[in-house]
Every structure is written in structure tokens, then in C-alpha cells.
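Below is one structure, written out as C-alpha cells; comments come after it.
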Ligand code: ADP
Ligand code: MG
């Protein structure tokens, strides 16, 4: 069982940033309005996620660290598997390769409970004074697994990867307040925004006001694809493509079709190793996209790549032409 957990952990727990992604997605699934992510040593020493979501009672708390325990899967949901991560593997996997604690207090409880799993050894639950919601701590990832530990990069690089993951989650969820802090970083605080203009407001928080001042809104619906977001002006470029963000149906993704469409959209304006800054949000029929390629790696496959490419090129072309280019 422990060996199986550790093998499964290889899939889920690649590095501290993948742990952060799983934990924050759980907080989002729990209906959190405010999520605090604290890290030390690039997340290798410590990751602490605090949320104000619905929490877990004793039974759910004990189940949460068991392999294949999920409160989220029902048979009708098979189409939605991507929203479920690895279906009950994340916490069990993390607990098999680190020191994990899960503390939770549901809305109707007078106090909380905490359970710990130290490299596969479980103890608790015991009472814990805490606010409503859930606090998860992960310490010393791979400390007992040198073969895995040696593949981690410097604390600085791991901290940067965590920042990237949290940025993407914040860009996909403007209505949630995100705080990213810790001894290894400058703090970020992105209060919840809602209503019309929420997306632009969140993009301003995360990407900076400069981007907002140098970008045009995207709005296009074509062949079943809805394109939204902000496209940087051709005069506002970067030396690398790290500032290009893609979201499909509310999830951050990596996809060659989208990369190619952005390049094509700006081909007449942006030259010589410069890259436009783009936050692209697509809504497509969930049946028109295969997201089970590898949920953790955020890869997907569009069934009609031509339609996607066409819609993105059109949306950006129209928007920057309207801005006088
Ligand atoms: P999955 O998310 O695929 O269900 P996880 O291992 O990530 O699997 O989580 C296991 C279970 O623990 C979840 O199904 C959920 O019931 C519970 N859980 C985890 N994190 C939280 C949280 N932050 N708030 C409430 N419940 C949580
Ligand atoms: Mg999960």
C-alpha cells in the first residue's frame, strides 16, 4: 500500500508547485472565497494552504488522506473528470512523500480536528483550535526519498514555479481572494473582484496595470468557440513567451494550437524574437475537447483545431485592428 502510494505520488507530486496546484484546486472545489498560500524554501520546506471553504467533518477528514477517497466522483460525472484531478489520490500521495497535516473545521462545528501523515504514517485526528475551513501543511517534500529530491531545482526556481501556478489559478478565478506569501517571496494580495470588468480587474492585479493600459479586450463567438480576455498591443512585447496565458473552460492549459494561433495573429506586427502579452480565455463545448490527455500537465486536444485557431486569430486581429493597428 505504501509502495503503491509512492508510485502514485510520482504522478501527482512532481514538485512543490504541483502540490500547490492540487491543494488550491481542492480549496476552490470546497467553495473557498479566500485562499492563503504560504511557502518557505520554495515549498520544499513548507507549503501551507488556508481556506475558508466548507471544511470536512471527522469522517471526511479521515477519508481525505486515504488513497482513492474522493467526495467528488459520481457516475454522471465521468465527463467532468478533469475537474477532479486524480480522483482522490492527491492527499494520499502527498502524505506518502512528505509530512502532511490536514486540519479542518466545517461550518457547523464548534472546533476543528487535525490529522497528520508523516511519510505514510498516519496519526490523529485530534482536536485543533482553528477558524472554519481547512488548513493543509506539507513539510519536507521528498526528505526521505533522495532519488526524487535530487530532481528538484533550487528553492528560488521552485518558488517561481509556485508563483506561476498560483497566478494561473488566480487568473482563472477572479471571484476568489488569493494571498501568496512566505519567507521565500514578496507577498501578493489579490482581493476578490466580481461583476462586469472582474476579469480585467484580476488581470490588472496579477499582470500589472501596465498590461491593462496596453491591451485590448477580446470578444468573439464563432463556430461554437467563445473568445474572451485581453490581448496586448503589438507595441507591448516581451523577450519571451512567459506572459502568454491560456484558459479553456476556466482551466489553465498548455496547447500548441493556441501558441500557434497567437503567433499567427501577431505575425504582421511582432517580429524578431519578440512576444506579445496575452491572456486568452476560451469557452468551448466540453464535448469538443479531450482533456484527459494528462490532467496534471494541463494538456488537452481540441477536436476541431481549425475552428479554434480561426476564432483566436479573428478575435485578436479584430481587436488590435480596432485599436488602430
Ligand atoms: P480529489 O480532489 O480528487 O477528491 P484529493 O486527494 O485532492 O482528491 O482530496 C481528497 C478529498 O479530501 C476530497 O474529495 C475532499 O473531500 C477532501 N478535501 C481535500 N481538500 C479539501 C479542502 N481544502 N476543503 C474541503 N475538503 C477537502
Ligand atoms: Mg483534489
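The values are calculated or read from the model by the stated rules, or taken from the named source; none is laboratory data. Because the structure is a prediction, the values reported are computed rather than measured. We place every Cβ from the backbone using ideal geometry, glycine too, and count neighbours over all the protein chains shown.
Considering the range 238-260 alone, what residues qualify as being part of a strand (DSSP E or B) and touching a helix residue (DSSP H, G or I) at 6+ places or on another chain (Cβ under 9 Å)?
Hits for the range 238-260 are 244, 245, 246, 247, 248, 251, 252, 254.
So residue 76 fits all but one of (1) in contact with a helix residue (DSSP H, G or I) (Cβ under 7 Å, 6 or more places away or on another chain); (2) at pLDDT below 70; what number is the exception?
(1)
For the range 173-188, enumerate the residues that are assigned to a loop (DSSP other than H, G, I, E, B), more than 26 Å from residue 119 (Cα to Cα) and more than 15 Å from the chain's Cα centre (by Cα).
Selection gives 185, 186, 187.
Looking only at residues in the range 31-54 that are surrounded by 19 or more Cβ atoms within 10 Å (Cβ to Cβ) and within 16 Å of ligand 2 (Cβ to nearest atom), which one is nearest to residue 163 (Cα to Cα)?
37
Could you check the range 27-53 and list, in sequence order, the residues that are within 11 Å of ligand 1 (Cβ to nearest atom) and at pLDDT 95 or above?
27, 28, 30, 31, 32, 35, 49, 50, 51, 52, 53 - these are the residues of the range 27-53 that are within 11 Å of ligand 1 (Cβ to nearest atom) and at pLDDT 95 or above.
Just name the residue that is farthest from ligand 2 (Cβ to nearest atom) out of those in the range 124-163 that are farther than 30 Å from residue 63 by Cα and modelled with pLDDT under 95.
Among them, the one singled out is 150.
Considering each of 145, 136 in turn, give the residue that is crowded, with 16+ Cβ neighbours inside 10 Å, closer than 30 Å to residue 249 by Cβ and assigned by TED's automatic domain parsing to the domain that holds residue 41.
Result of the check over 145, 136: 136.
Suppose the filter is part of a helix (DSSP H, G or I) and either touching a strand residue (DSSP E or B) at 6+ places or on another chain (Cβ under 9 Å) or at positive phi (or both); does residue 103 pass it?
Here the answer is no, as residue 103 does not meet what is asked.
Would you say residue 194 is touching a strand residue (DSSP E or B) at 6+ places or on another chain (Cβ under 8 Å), more than 25 Å from residue 323 (Cα to Cα) and either outside the structural domain of residue 51 (by TED's automatic domain parsing) or surrounded by fewer than 19 Cβ atoms within 10 Å (Cβ to Cβ) (or both)?
no
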